[in-house]
Amino acid sequence: MNTNGMAGARLMRWRYLKQTIFFTLVRASALLIVLALGGILFHIFYHGLSAINWEFITRPPTHSMTKGGILPAILGTIYLTVGAVAVGLPLGIASAIYLTEYAKQGRVIRLIKVGINCLAGVPSVVFGLFGLGFFVIFLGFGSSILSGSLTLGFLILPTIIGAAEEALKSVPQTFREASLSLGVSKWQTIYRIVLPNALPGILTGSILGIGRAAGETAPIMFTAAAYFTAKLPGSVFDEVMALPYHIYVLATAGTNIEATRPIQFGTVLVLVAVVLGIDLVAIVIRGYMRRNKRW
Amino acid sequence: MNRKNKEVFIKYLFLLFALVSIIVLGLIVFSLFREGMPLFATVPFRDFLFGLEWYPTYDPPSFGIFPLIVGSLIVTAIATLISVPLGVLAAVYISEIAPQRVKGILKSVIELLAGLPSVVLGFFGMVIVAPWLQETFDLPTGLNIINASVILAIMAIPTISSISEDALYAVPREFKEASYALGATKFETIAKVIVPAALSGISTAIMLGMARAIGETMVVLMVAGGAAAIPESLFDSVRPMPASIAAEMGETPYRSAHYQALFATGIVLFVLTLAFNLIADYVSHKFKQTGSATL
């Protein structure tokens, strides 16, 4: 009896020891991820901050891109991102409206969802090839803001559809029923009741996709990005410089790679600030919306 | 148009928008095949896929992408080995163990990590990690398999961890309560009840993380070193498929055999990631977690 009790106690201790080991491992994993992000951000800020001043963000590059600022690249990224949103957002919202408001569970909806998942998984460089083969060559848009925006717009489409679906689903069913029971048509119910209530959610969810469009490199390499342009773009058929491509070019093929390190770090910092700034806004707004939910 | 007809019209209009994702997928296939297939008029498909020599600019050129495929698979495999334990354990921590505050912070950290542009991570690997690796292990170059795999793992962790977390979160409460009621420790409950119940979701997460790693371009372009040969050690350079496409497309003449070979490489990459995504989709649907009916 006594020995049994001792064995039992040992077993219990062993069971809790296993738990302690496991919990330590789990906490270590979480810590490692935090450290990875922290380490990356630290290096970027540490090396990048000294490069940044007013000149850097308001002047074009000079001396074969070894001096001067990055203004054309900043503007180019803004144009491409705005263009991508102009393509992706309306299409994404319309897709999500069909999926949540009109479609009945069945083959069509299943097929569309598989299609969206597959599109989300297409590698960014394949999007670049698609943009080159279809927009630049087949439709003859050339390497331009238009081609780049369309490519990026389709790249972020799955993200926006997902965000919009989520937001539309969170609008209570009673809202729709109340409207329909007053004799309002389905389309007007969607347009006047569902969409306005879902819009903040759609926008915050989409912001994450927008950040992605601003930071992608491979899709714009063959469709929009220029190594260097002296003048700012005048139309949607012009090539542009862009922050991500500028980083890649300076770091791998610049005239003097070592000497332009500060400019490279500065550009990285500007890009990270833009992208994470966009993401952070979304995260904060979403947290605020969750706390102040009206229904 | 009377009201009924108008409603029907609107419904089909939205169906059309919802089909855009599938149409784009079709256009991607169309563009890749239109530009890539002509290669196989001169180069047999077998020689392309299994050829050991990638000398696209030699005379006569040689278009064997086997070393590129091996490069892609090897960095993806090692990135998976690193990111799966970290990502899944972090998900367990977030969903089961972490206090509310830590949970919120960690989720934001992972979201920000997901938001970091790939060119920034590639730059970090190239400028910070590579010199460190080179000095510490006394290597000819720090741009190699191990460096690229670590950076790819950092990119895959957010995908793996956030999807796993959703799956863990969806495990019904009663499962846990029943397990505790039988006297199981928290670790035993996690290892023998919660994780097995969420296994289909976790598998999906892993597949999608791998798809992300295999298609990722900028990281392997900047960090993997670029040697188009079958590697012999983990410190060798490789040239994964996306890197090859992105690096060479800018320099190759329009519709040359080399250009077609790069599009054909894009087809292989596309098919590979499509397979990963379809398997992930199949797993998540076939073994769908449906509340208490799972076990």
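If I filter the stretch A:195-211 for residues that are in the same structural domain as residue A:272 (by TED's automatic domain parsing), assigned to a helix (DSSP H, G or I) and touching a Phe, Trp or Tyr at 6+ places or on another chain (Cβ under 7 Å), do I get at least one hit?
Initial filter on the stretch A:195-211 (in the same structural domain as residue A:272 (by TED's automatic domain parsing)): A:195-211.
Right, trim to assigned to a helix (DSSP H, G or I) and you get A:195-211.
From what is left, the residues that are touching a Phe, Trp or Tyr at 6+ places or on another chain (Cβ under 7 Å) are A:197.
So far as the stretch A:195-211 goes, yes, one or more of its residues are in the same structural domain as residue A:272 (by TED's automatic domain parsing), assigned to a helix (DSSP H, G or I) and touching a Phe, Trp or Tyr at 6+ places or on another chain (Cβ under 7 Å).
Considering each of A:88, A:140 in turn, give the residue that is at pLDDT 90 or above, small (Gly, Ala, Ser) and in a helix (DSSP H, G or I). Even if it seems obvious, please write down each step before you answer.
On the way: A:140 fails: in a helix (DSSP H, G or I).
Every option except A:88 fails the conditions.
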Checklist entry - Out of all the residues in the stretch A:33-61, which are over 13 Å from residue A:267 (Cα atoms), among the aliphatic types (A, V, I, L, M) and out of contact with any Phe, Trp or Tyr (no Cβ under 6 Å at 6 or more places or on another chain)? => result A:33, A:34, A:35, A:36, A:37, A:41
Next on the checklist: What's the total number of residues in the stretch B:131-149 that are assigned to a helix (DSSP H, G or I), surrounded by fewer than 22 Cβ atoms within 10 Å (Cβ to Cβ) and among the hydrophobic types (A, V, I, L, M, F, W, C)?
Outcome noted: 4
Checklist outcome for this item: Of the conditions (1) of a type outside the set (Val, Ile, Thr); (2) surrounded by fewer than 21 Cβ atoms within 10 Å (Cβ to Cβ); (3) within 11 Å of chain A (Cβ to nearest Cβ), the single one that residue B:258 does not satisfy is (3)
Next on the checklist: Condition first: over 20 Å from residue A:129 (Cα atoms) and either in a helix (DSSP H, G or I) or at the interface with chain B (Cβ under 8 Å from one of its Cβ atoms) (or both). Can you find one or more residues in the stretch A:213-222 that meet it?
Outcome noted: no
Item to check | Residue that is nearest to residue B:238 (Cα to Cα), among those in the stretch B:88-101 that are more than 8 Å from chain A (Cβ to nearest Cβ) and assigned to a helix (DSSP H, G or I) | outcome: B:88
Next on the checklist: Any residue that is free of Cβ contacts under 8 Å to residues at least 24 places away in the same chain and surrounded by fewer than 16 Cβ atoms within 10 Å (Cβ to Cβ) - is there at least one of those in the stretch B:24-32?
Outcome noted: yes
Checklist entry - Can you find a residue in the stretch B:107-128 that is more than 30 Å from residue A:249 (Cα to Cα) and without any contact (Cβ under 8 Å) to a residue 60 or more places away in the chain? => result yes
Item to check | Candidates A:41, A:17, A:37 - the one that is part of a helix (DSSP H, G or I), surrounded by fewer than 14 Cβ atoms within 10 Å (Cβ to Cβ), modelled with pLDDT of 90 or more and not assigned by TED's automatic domain parsing to the domain that holds residue A:240 | outcome: A:17
Next on the checklist: Name the residue that is nearest to residue B:36 (Cα to Cα), counting only residues in the stretch A:126-159 that are within 16 Å of the chain's Cα centre (by Cα) and within 8 Å of another protein chain (Cβ to nearest Cβ).
Outcome noted: A:127
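The values are calculated or read from the model by the stated rules, or taken from the named source; none is laboratory data. Fair warning: this is a prediction, and the values are worked out from it, not measured in the lab. Note that we place each Cβ from the backbone using ideal geometry, even for glycine, and neighbour counts take in every protein chain shown.
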